[in-house]
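The structure under discussion appears below in the form of structure tokens.
The values are calculated or read from the model by the stated rules, or taken from the named source; none is laboratory data. Remember, predicted model here, so these are calculated numbers, not experimental data. Neighbour counts are summed over all protein chains in view; Cβ atoms, including those assigned to glycine, are modelled from backbone coordinates with ideal geometry. When the accessible area is computed, the model is the full protein with side chains, heavy atoms only, and any ligands, DNA or RNA have been set aside. Shrake-Rupley method; radii C 1.70, N 1.55, O 1.52, S 1.80 Å.
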Amino acid sequence: MKLFPYFIPFLFAIMSPAAELNVMPLPAQYSAQPGHLTIDGHFHIAATGYSEPRLDRALARFVDRLTRQTGIPFPEALKPGAAATLTIRCKAASKLVQQLGEDESYTLTVGDGGAKLDAPNPLGVLRGLETFLQLVVQDSRGFGIDGISIEDRPRFPWRGLMLDVSRHWMPVEVVRRTLDGMAAVKMNTFHWHLSDDQGFRVESLRYPGLQRLGSDGHYYTRSQVRDVIAYARDRGIRVVPEFDIPGHTTSWLVSQPEIGTAPGPYQIERHWGIFDAALDPTKESTYKFLDGFIAEMTKLFPDEYFHIGGDEVNGKAWTASEHVQKFMRAHGIQNNHELQRYFNRRVQPMVKKNGKRMEGWDEILDPDLPKDIVIQSWRGQKSLVDAAKQGFSGLLSAGYYLDLMQPAEFHYLNDPINEDAASLTDEQRSRILGGEACMWVEYVTPLNVDDRIWPRAAAVAERLWSPQNVRNVASMYQRLEFMSRRLEMVGLKHRENYRVMLERLAGTDRVGPLRVLADIVEPVKLYERGESREYTQFTPLNRLVDTARPESDAGRNFRYAVAAKNWPAVRRTLLMWRDNDALLRPMLESHALLKEDVPLSTNLKRVAEVGLQALDHIEHGGPLNSDASAVLSDAKKPVAELLLMAVPGVEALVTTAATGAQ
């Protein structure tokens, strides 16, 4: 994101002192210390205490990252014998299979004499190395770190990111760089949503028809799954698989119609939504199949938790089935909700006998299930609190749905422990394990997925790691800009691919006017996009709405400038927006994918003209535009599923002009 220089003074005026430490997430405790550590070609690492190959690989990655950040080669960094610049002491091993709640703390001190990183286990070393890399900056002395003392630990033990790979396929390289981004911001749980109506994405040896008929040829081999798990472990990240049952199972039933409620045949769903197809909870053959499937998949995925989904079962197939209704009457089951409870009670022992703990979305909450299951709340924090009161552990995803295109501020101020948790006892509150950001991919491709996740996921990561009182939004945005650049050095492509997609739309690398428009729009929010037109799995996602970022930094920065009454900066921006239409119009009118955006460019020009007239009134007493309200109201309406984010700042400018504020 581009932060125009004339906005920076205002930002620093409203930021808290916490922003002086330009890292994300902010550590639990830190203080400035005397001294300065210079990073040059003589940088050397000395590792003492416990050692293992994972730590060796982590140090090699660390040196590579440091070279990318600085451009300095470090040929002696890992050779024994030289005087240490960074001393690392790891006290003991971590678990062979990473466990929820393992110690991730570390201490880091930096001064003239060098730096020291101490951690109880490799997880803490991994977290501390990420902080060290973020602390390295360039100034008049070159690259280095000012003196600092950090004592850091996470607030929540479960800090996750869910990636759906079913609706649109995400290759292994996307998964790998997602894990790299997670590690950079100290997230520790990768929730892999591997099956849904639109695709089954893992190789099964026991039931090969699942991937052969249910994936369109896009699935992860068992070898690839193992490689991803190892890649994640190297970065201190658990991998929790999700296989959604009994609903969202159309792709399963293509090859296994006998375990469906309706007789079939079934086809992979190509649209989005909630479908009627569901497993049949009344057939013993369903449970025989699931027993074998769960046994196979729990051996493939070593994590303690196994996610069964359980969400959005509409029950229509059950209601329409004569044999299901007969079963319900015979067993005193009153409704479809009770029937799903019956299903979950049959499935949970299968998960447990394979050494796993069952996890599911809100809908599986049942006071009669064992208390070791985990509830993932997507419908709101009330269900999280209800689960804690009933003795269940839970984590929050409501408010962290990145696919809904909400700003980082919205996610940042959403806390797993909010006012709804005030009624909880300390013991009940401890059952809230943390949260997970969610990336559902109905409107996402491998080209724009990074942009849809990053850098906003870093705001969620800070909410789950840093102390609860770290809530300064302006500070967050300032550090998020820094983190966005760092994430690109890690290997993410959210900034690079934005340019690539703009060039694809423009058919040229001369995208200046198109970028001006793209920078000041956002995709529509929540579920509005699916309501605007029909989408399928094969709909090209190559329009401006697929290119525009979830949050317009240009729009937010313009609002900051208006609030700061930085009128020269405001005027320059308004003039740029006004004049852009004439520069961009020939491209919009001559490119098929851009024709729908002509009204958007026109609206930007009209809004800028309203803003300039309001600014003239503020500065020189000129007349106000009597049509301003109508122009702004019209410009608020979505065009081509895009919102014009110049409007809020210009509205504030018009209000300032109308009230006579100087």
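A few comments on the model shown:
- The residue pairs whose first member lies in region 630-651 and is of a type in the set (K, R), whose second member is in a helix (DSSP H, G or I), and whose beta carbons are closer than 8 Å, counting only pairs six or more residues apart or on different chains, are K636/V647.
- Helices (runs of 4 or more DSSP H) (entirely within region 415-491) containing at least 2 residues that are over 18 Å from the mean Cα position of the chain (by Cα): 426-429, 473-490
- Only residues that are in contact with a Lys or Arg (Cβ under 8 Å, 6 or more places away or on another chain) and surrounded by 23 or more Cβ atoms within 10 Å (Cβ to Cβ) were counted in region 377-392, giving 2.
- R127 being open to solvent by less than 10 Å² (accessible area, probe 1.4 Å), over 30 Å from G260 (Cα atoms), of a type in the set (K, R) and modelled with pLDDT of 95 or more: yes
- Pick from region 472-511, criterion of a type in the set (V, I, T) and touching a residue at least 40 places away in the same chain (Cβ under 8 Å), ranking: nearest to V598 (Cα to Cα): V500
- Index of the failed condition, T250 passing every other in (1) open to solvent by less than 10 Å² (accessible area, probe 1.4 Å); (2) under 29 Å from D56 (Cα atoms); (3) out of contact with any Lys or Arg (no Cβ under 9 Å at 6 or more places or on another chain): (2)
- Contact annotation: residue pairs with Cβ atoms under 9 Å, 6 or more positions apart or on different chains, pairing a residue in region 514-536 that is at positive phi and open to solvent by 40 Å² or more (accessible area, probe 1.4 Å) with a partner that is at pLDDT 95 or above and not aromatic (F, W, Y), are L526/L404; L526/M405; L526/Q406.
- L502 being within 19 Å of C438 (Cα to Cα) and touching a helix residue (DSSP H, G or I) at 6+ places or on another chain (Cβ under 7 Å): no
- Region 450-473, subset touching a Lys or Arg at 6+ places or on another chain (Cβ under 9 Å) and of a type in the set (V, I, T), residue nearest to D403 (Cα to Cα): V460
- Among the residues of region 232-275, those identified as over 19 Å from F306 (Cα atoms) and under 29 Å from the mean Cα position of the chain (by Cα) are D234, R235, T250, S251, I268, E269, R270, H271, W272, G273, I274, F275.
- Counting only strands (runs of 3 or more DSSP E) that fall entirely inside region 289-390 and contain at least 1 residues that are closer than 27 Å to D420 by Cβ and free of Cβ contacts under 8 Å to residues at least 60 places away in the same chain, the qualifying elements are 357-361, 374-377.
- Per the listing G142, G101, the residue uniquely modelled with pLDDT of 95 or more, under 24 Å from the mean Cα position of the chain (by Cα), over 22 Å from D180 (Cβ atoms) and open to solvent by 20 Å² or more (accessible area, probe 1.4 Å) is G101.
- Of all residues in region 307-339, those being under 20 Å from G260 (Cβ atoms), hydrophobic (A, V, I, L, M, F, W, C) and exposed (fewer than 15 other Cβ atoms within 10 Å of the Cβ) number 1.
- Taken over region 131-145, the criterion of being in a helix (DSSP H, G or I) and touching a Phe, Trp or Tyr at 6+ places or on another chain (Cβ under 9 Å) is satisfied by T131, F132, L133, Q134.
- Filter result for V137 (under 27 Å from the mean Cα position of the chain (by Cα), closer than 26 Å to E462 by Cα and open to solvent by 60 Å² or more (accessible area, probe 1.4 Å)): yes
- Residues of region 66-83 that are modelled with pLDDT of 95 or more and either over 15 Å from L55 (Cβ atoms) or loosely packed, with under 15 Cβ neighbours inside 10 Å (or both): L66, T67, R68, Q69, T70, G71, I72, P73, F74.
- Region 431-485 - residue that is β-branched (V, I, T) and within 30 Å of V172 (Cβ to Cβ) and, of those, surrounded by the fewest Cβ atoms within 10 Å (Cβ to Cβ): T445
- Sub-9 Å Cβ pairs linking a first residue in region 64-83 that is at positive phi and touching a residue at least 12 places away in the same chain (Cβ under 8 Å) to a second residue that is of a type outside the set (D, E, K, R) and open to solvent by less than 40 Å² (accessible area, probe 1.4 Å), at least 6 apart or interchain, number zero.
- Which numbered condition L26 fails, given (1) at pLDDT 50 or above; (2) open to solvent by 20 Å² or more (accessible area, probe 1.4 Å); (3) assigned to a loop (DSSP other than H, G, I, E, B): (2)
- Odd one out for M170, checked against (1) surrounded by 22 or more Cβ atoms within 10 Å (Cβ to Cβ); (2) farther than 20 Å from I229 by Cα: (2)
- Checked against the criteria, D553 does not count as surrounded by fewer than 16 Cβ atoms within 10 Å (Cβ to Cβ), touching a Lys or Arg at 6+ places or on another chain (Cβ under 9 Å) and acidic (D, E).
- The number of residues in region 173-214 being touching a strand residue (DSSP E or B) at 6+ places or on another chain (Cβ under 9 Å), polar (S, T, N, Q), over 17 Å from L464 (Cβ atoms) and touching a residue at least 40 places away in the same chain (Cβ under 8 Å) comes to 1.
- Summed over region 518-548, residues that are charged (D, E, K, R) and closer than 21 Å to G507 by Cβ total 3.
- Scanning region 175-228 for residues that are surrounded by fewer than 17 Cβ atoms within 10 Å (Cβ to Cβ), among the small types (G, A, S) and not in a helix (DSSP H, G or I) yields a total of 1.
- Among the residues of region 279-293, some residue qualifies, meaning at least one is open to solvent by 20 Å² or more (accessible area, probe 1.4 Å), under 17 Å from W252 (Cα atoms) and among the basic types (K, R).
- Qualifying residue in region 584-605 (condition: surrounded by fewer than 19 Cβ atoms within 10 Å (Cβ to Cβ) and β-branched (V, I, T)): yes
- Residue check, G399 touching a residue at least 12 places away in the same chain (Cβ under 8 Å), of a type outside the set (D, E, K, R) and assigned to a strand (DSSP E or B): no
- Take the conditions (1) in contact with a strand residue (DSSP E or B) (Cβ under 6 Å, 6 or more places away or on another chain); (2) open to solvent by 40 Å² or more (accessible area, probe 1.4 Å); (3) closer than 21 Å to R212 by Cβ; E304 misses just one of them, which is (3).
- Evaluation of I364 against the conditions (1) in contact with an Asp or Glu (Cβ under 6 Å, 6 or more places away or on another chain); (2) at pLDDT 95 or above shows that the sole unmet condition is (1).
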